[in-house]
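Everything on this sheet refers to the single structure shown next.
The values are calculated or read from the model by the stated rules, or taken from the named source; none is laboratory data. The model shown is predicted, which means the values in this text are computed figures rather than measured ones. Every residue, glycine as well, gets a Cβ built from its backbone with ideal geometry; the counts of neighbours run over all protein chains shown. Just so you know, the surface numbers come from the protein's heavy atoms only, side chains and all, with ligands and any DNA or RNA stripped out. Shrake-Rupley method; radii C 1.70, N 1.55, O 1.52, S 1.80 Å.
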Amino acid sequence: MWSHNQWQQSLYGKGTPQAERLARYAEVFNTVEGNTSFYATPSANSVNNWRDAVGEDFRFTFKLPQEITHKLQLRHCDDELKLFLQVMSPLFAKTGLWKIQLPGYFGPEALGALDTFLGKLPTELPLGVEVRHPAFFAKGKAERQLNRLLLQRSVNRIIMDTRPVFAAPPNSAAVIDAHEKKPRVPVHAIATGHSPTVRFIGHPELEANQGFFKPWLDKLCQWLEEERQPYLFVHTPDNALAPELAICLYRLLSARWQAKHGQPLPVLQLPQDARNHNKQLGLEL
């Protein structure tokens, strides 16, 4: 997401019109997870506006529509897929990953449908697959088959790390909702393609996330050393402080990279007015 009302002071800057939020977001971060496309294929006008709002180095990651992934479960969806790709084509050059998020009921018996579907997509499109069925996390035959399929097609397996949010007590509506909707699955940090992707669902208390993020420091550095292009997306239960958490975790990663290689990663920094706002909240960023 890039449009959140609670980010008006903490990210965009006071008085930023809603239509300019994506452009302001792109001044700080270099990628975003676009959820809009999951619920419906966007209009051509929206697609063109998104393309024009960001620089050439910015990368979107868009989810395929749930009509394709959840309702039709990748079967008999040629027309829907063709329409989606036609509408989204102006963004091809600025999209780093197309996400195929599959429901928990998409199990091992459906791997053939996944293989067939992947074969229908243009080979130049970078793809990621997120599974939620328990069998794909059991380190058994089903998981080996899934990983082999993704490796053969150079498709990234999207990694969901929900440990932080499930470590939070269910004492707020946002945390309770996250506990009900997010999958509680093991973290298997495997790279099956060029862009291993991590979705880190954070604890509402920012400092509580550092211990959970620590194992990712060396893994992300390893992928960078292998000349892969990893993607890291940071969430919190209500996402109100997600930008602040993303900055904090990125700085930890940059420090680890500097310790190993003698130089930091490129700087990500909130605008000055946003930093002042966070200092008022007691957050040093």
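Below are the figures for this structure:
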| quantity | calculated |
| --- | --- |
| Filter result for Val87 (surrounded by 12 or more Cβ atoms within 10 Å (Cβ to Cβ), farther than 27 Å from Pro230 by Cβ and at pLDDT 95 or above) | yes |
| Out of Gly96, Gly140, Gly119, sole residue that is in the same structural domain as Leu74 (by the TED database), among the small types (Gly, Ala, Ser) and in contact with a strand residue (DSSP E or B) (Cβ under 6 Å, 6 or more places away or on another chain) | Gly96 |
| From the options Lys181, Lys141, residue that is out of contact with any helix residue (DSSP H, G or I) (no Cβ under 9 Å at 6 or more places or on another chain) and either among the acidic types (Asp, Glu) or without any contact (Cβ under 8 Å) to a residue 60 or more places away in the chain (or both) | Lys181 |
| Residues of the stretch 32-65 that turn out to be polar (S, T, N, Q), open to solvent by less than 40 Å² (accessible area, probe 1.4 Å) and in contact with a Phe, Trp or Tyr (Cβ under 6 Å, 6 or more places away or on another chain), as a count | 1 |
| Residues (hydrophobic (A, V, I, L, M, F, W, C) and out of contact with any strand residue (DSSP E or B) (no Cβ under 9 Å at 6 or more places or on another chain)) located in the stretch 26-60 | Val28, Phe29, Ala40, Ala44, Val47, Ala53 |
| Close pairs from the stretch 36-50: first more than 18 Å from His4 (Cα to Cα), partner open to solvent by 50 Å² or more (accessible area, probe 1.4 Å), Cβ under 7 Å, at least 6 apart | Thr41/Leu83; Pro42/Thr36 |
| Where a residue in the stretch 221-233 is over 16 Å from Asn30 (Cβ atoms) and its partner, wherever it lies, is modelled with pLDDT of 95 or more and open to solvent by 50 Å² or more (accessible area, probe 1.4 Å), with Cβ under 7 Å and at least six apart | Cys221/Arg256; Cys221/Lys260 |
| Single residue of Arg228, Arg163, Arg184, Arg157 found to be within 25 Å of Gly34 (Cα to Cα) and exposed (fewer than 14 other Cβ atoms within 10 Å of the Cβ) | Arg184 |
| Evaluation of Ser254 against (1) without any contact (Cβ under 8 Å) to a residue 24 or more places away in the chain; (2) open to solvent by 70 Å² or more (accessible area, probe 1.4 Å); (3) not hydrophobic (A, V, I, L, M, F, W, C) (one fails), failing number | (2) |
| Options Leu97, Leu74, Leu102; residue that is open to solvent by less than 30 Å² (accessible area, probe 1.4 Å), touching a Gly at 6+ places or on another chain (Cβ under 8 Å), over 14 Å from Thr41 (Cα atoms) and not charged (D, E, K, R) | Leu97 |
| Given (1) at negative phi; (2) outside any helix (DSSP H, G or I), number of the condition Gly15 does not satisfy | (1) |
| Test: residue in the stretch 13-29 that is surrounded by fewer than 19 Cβ atoms within 10 Å (Cβ to Cβ), under 16 Å from the mean Cα position of the chain (by Cα) and either of a type outside the set (A, V, I, L, M, F, W, C) or outside the structural domain of Ile100 (by the TED database) (or both) | no |
| Among residues of the stretch 125-171, those that are in contact with a Phe, Trp or Tyr (Cβ under 8 Å, 6 or more places away or on another chain) and not β-branched (Val, Ile, Thr), counted | 13 |
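Residue-by-condition table, conditions (1) touching a strand residue (DSSP E or B) at 6+ places or on another chain (Cβ under 8 Å); (2) within 24 Å of Tyr12 (Cβ to Cβ); (3) part of a helix (DSSP H, G or I):
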residue: Ile190; (1), (2), (3): yes, no, no
residue: Val198; (1), (2), (3): yes, no, no
residue: Pro215; (1), (2), (3): no, no, yes
residue: Val234; (1), (2), (3): yes, yes, no
residue: Trp257; (1), (2), (3): no, no, yes
